[in-house]
Amino acid sequence: MTTTPAQNASDSSRDPKALYGGTSSRRITVRDIAAAKARGEKWPMLTAYDAMTASVFDEAGIPVLLVGDSMGNCHLGYESTVPVTMDEIAVLSAAVVRGTKRALIVADLPFGSYQEGPVQALRSATRLIKETGAQAVKLEGGERSAEAIKLLVDAGIPVMAHIGLTPQSVNAFGGYPVQGRGEEAAAQLLRDAKAVQDAGAFSVVLELVPAELAAEVTRTLHIPTVGIGAGSECDAQVLVWTDMAGMTPGRVPRFVKQYAQLREVLGGAARAFAEDVVDGAYPAPEHAFH
Ligand code: KIV
């Protein structure tokens, strides 16, 4: 009987090199990511914006953590990812690196840090890799970013590409619509995917893309696809951690599955603490020094 990659991943006798839940003595590298695709093994990726949360995900065995510019909405209180700066990405990426031992850390290049062209992209990426200890960078765009990706890869910087819905273009898109619908748009997405692969990207995020198209891209490419709102056929799946854990207030996108209700848990803890203080129940004798 043959086993599926998913069965292998949950089998205690699995290949010790398996990406998810495998090696714990060193950091995951882009070579591990390539090997996982060759084995047909799926893997999870989460965003992280601080050392403590990153350490939780690292201990849980999440092999790749993205210090995403989604920090704009989820951590810094902005309306979108557009205002996020290089300094903000640098400080939080360094924190995530310090909080982890095993995960491959990908630092996002924020809006304005690479749109001027390949040379600006190289300057920004070099700064993030040198200052933060992250092992890779991510940038948005397919064909339009291919030249920049090639320059970074030639300089020794692993690049995760990001196509489909690219949130830094929210003002051009006029919101967050599904991408790649219709023949021409689908053909463009395939061209974008091939362009970033040819430029040397080690993986590519497909955001808000019809599942059938994401499956076709995944079959076509030899680098792994990382889906978000792109169906189940991608090689990997990424979620913004605050969405995944129920920390984000209000509605979350339809593609999100919430695995906890952290907002409720944390709010409950804060209310219990407040009541104890008001009632004089905290601090109790065991919390005091004499
Ligand atoms: O910034 C981010 O969190 C991202 C993911 C949604 C892929 O780009």
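The values are calculated or read from the model by the stated rules, or taken from the named source; none is laboratory data. Everything numeric in this text was worked out from a predicted model, so none of it was measured. Note: ideal-geometry Cβ built from the backbone for every residue, glycine included; neighbour counts use all protein chains shown. Heads up: the accessible areas ignore ligands, DNA and RNA and are worked out on the full protein's heavy atoms, side chains in. Shrake-Rupley method; radii C 1.70, N 1.55, O 1.52, S 1.80 Å.
A few comments on the model shown:
- Top-ranked residue in the stretch 137-189 [being exposed (fewer than 14 other Cβ atoms within 10 Å of the Cβ) and at positive phi; ranked as farthest from the chain's Cα centre (by Cα)]: Gly182
- Number of the exception - Pro118 against (1) open to solvent by 10 Å² or more (accessible area, probe 1.4 Å); (2) within 14 Å of the ligand (Cβ to nearest atom): (2)
- Unique match (being surrounded by 15 or more Cβ atoms within 10 Å (Cβ to Cβ) and over 18 Å from Leu65 (Cβ atoms)) among Glu233, Glu212: Glu233
- Restricted to the stretch 63-82, and to residues there that are open to solvent by 20 Å² or more (accessible area, probe 1.4 Å) and more than 13 Å from the ligand (Cβ to nearest atom), the residue that is nearest to His222 (Cα to Cα) is Glu79.
- Checked against (1) under 23 Å from Asp154 (Cβ atoms); (2) more than 16 Å from the ligand (Cβ to nearest atom), Glu212 meets all criteria but (1).
- Only one of Gly250, Gly246 that is at positive phi, surrounded by 13 or more Cβ atoms within 10 Å (Cβ to Cβ) and among the small types (Gly, Ala, Ser): Gly246
- When residues in the stretch 101-113 are screened for being open to solvent by less than 10 Å² (accessible area, probe 1.4 Å) and closer than 24 Å to Thr29 by Cα, 8 of them pass.
- Filter result for Arg271 (open to solvent by 50 Å² or more (accessible area, probe 1.4 Å) and either in contact with a strand residue (DSSP E or B) (Cβ under 9 Å, 6 or more places away or on another chain) or not in a loop (DSSP other than H, G, I, E, B) (or both)): yes
- In this structure, Leu239 does not satisfy being over 23 Å from Leu19 (Cα atoms), under 20 Å from the mean Cα position of the chain (by Cα) and open to solvent by 20 Å² or more (accessible area, probe 1.4 Å).
- Tally, over the stretch 215-249, of residues that are of a type outside the set (S, T, N, Q), out of contact with any strand residue (DSSP E or B) (no Cβ under 8 Å at 6 or more places or on another chain), part of a loop (DSSP other than H, G, I, E, B) and within 16 Å of the ligand (Cβ to nearest atom): 3
- Candidate set: the stretch 190-202, residues that are part of a helix (DSSP H, G or I) and within 20 Å of the chain's Cα centre (by Cα); chosen: the one surrounded by the fewest Cβ atoms within 10 Å (Cβ to Cβ): Gln197
Rundown of residues vs (1) within 13 Å of the ligand (Cβ to nearest atom); (2) under 26 Å from Asp235 (Cα atoms); (3) touching a helix residue (DSSP H, G or I) at 6+ places or on another chain (Cβ under 7 Å); (4) outside the structural domain of Ala236 (by TED's automatic domain parsing), yes/no style:
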| site | (1), (2), (3), (4) |
| --- | --- |
| Thr53 | no, yes, yes, no |
| Leu92 | yes, no, yes, no |
| Thr100 | no, yes, yes, no |
| Pro110 | yes, yes, yes, no |
| Ser113 | no, no, yes, no |
| Ala125 | no, yes, yes, no |
| Ile129 | no, yes, no, no |
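- Residues considered: Val159, Val170. Of these, the only one that is within 16 Å of the ligand (Cβ to nearest atom), modelled with pLDDT under 95 and out of contact with any Asp or Glu (no Cβ under 7 Å at 6 or more places or on another chain) is Val170.
- Here Val97 passes the criteria (1) buried (at least 24 other Cβ atoms within 10 Å of the Cβ); (2) among the β-branched types (Val, Ile, Thr); (3) free of Cβ contacts under 8 Å to residues at least 60 places away in the same chain except the one numbered (1).
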